[in-house]
Amino acid sequence: MAAAPRSSLTKTTQMPNELNNNESLPTLFSRLGDDVMQLFNSQLALFKVEIREEASAYARGITMIAVGAVIAVIGFALLNVAIAFGVSTLFAGANFSQPASYALGFVVTGAFYVLVGAIIAMLMKNRLAKQQLVPQRTVDELRKDKQWLKNEL
C-alpha cells in the first residue's frame, strides 16, 4: 500500500494556531494568557483611538455652537437696540428732547426684558421647588434590601 502524501506544511512553517501535540498544559495556559492580554491591549488601543476621535468631534461641535451663540447674541442685542429706537419714536410726539425720548425707549425696552426674565425665573424656581431631589425608587429598594438583610441575619 502506498504511503499517504505528506502535507506541504513542514514543522518550520506550521501555522501558529495549530497545536503542537507535545506542548504542556502550563505552556498552553501561558500562551492563552498572552493572547488574552494581547487582545485586551489591542481593544484598549482601539478604545483610546475612538475616544480621541469622539473628543475631537465634540470639541469641533462645541466650538461651532459657541461661534453660533456669539453671533446669535450679537443679533439679539442689535434687535433690542432697534426695538428701543422704535419705542423711542413713540415718545417723539410727547415734546421730549431727542435724547430723552431715546432714553425712555431704552428704559421701557429694558424694563420689559427684566419683567419677562423675572417671571420666567420665578416660574422655574417654583417648578424646581416642587421636584423631589431624593431618588425615591432607589431609597425604597435600599430599604427593602436592608429589611431583607435583617430577616436573613
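Here, each number is a calculation from the coordinates, and none is a lab measurement. Not measured: the values here are computed from a predicted model. Cβ coordinates were reconstructed from backbone atoms using ideal geometry, including for glycine residues, and neighbour counts include every protein chain displayed.
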Is there any pair with a first residue in the range 67-83 that is in a helix (DSSP H, G or I) and a second that is not aliphatic (A, V, I, L, M) whose Cβ atoms are under 8 Å apart and which are 6 or more apart or on different chains, and what are they?
-> Asn80/Thr109; Asn80/Tyr113; Ile83/Thr109
Of the residues in the range 94-147, how many are over 35 Å from the mean Cα position of the chain (by Cα), loosely packed, with under 10 Cβ neighbours inside 10 Å and assigned to a helix (DSSP H, G or I)?
-> 2
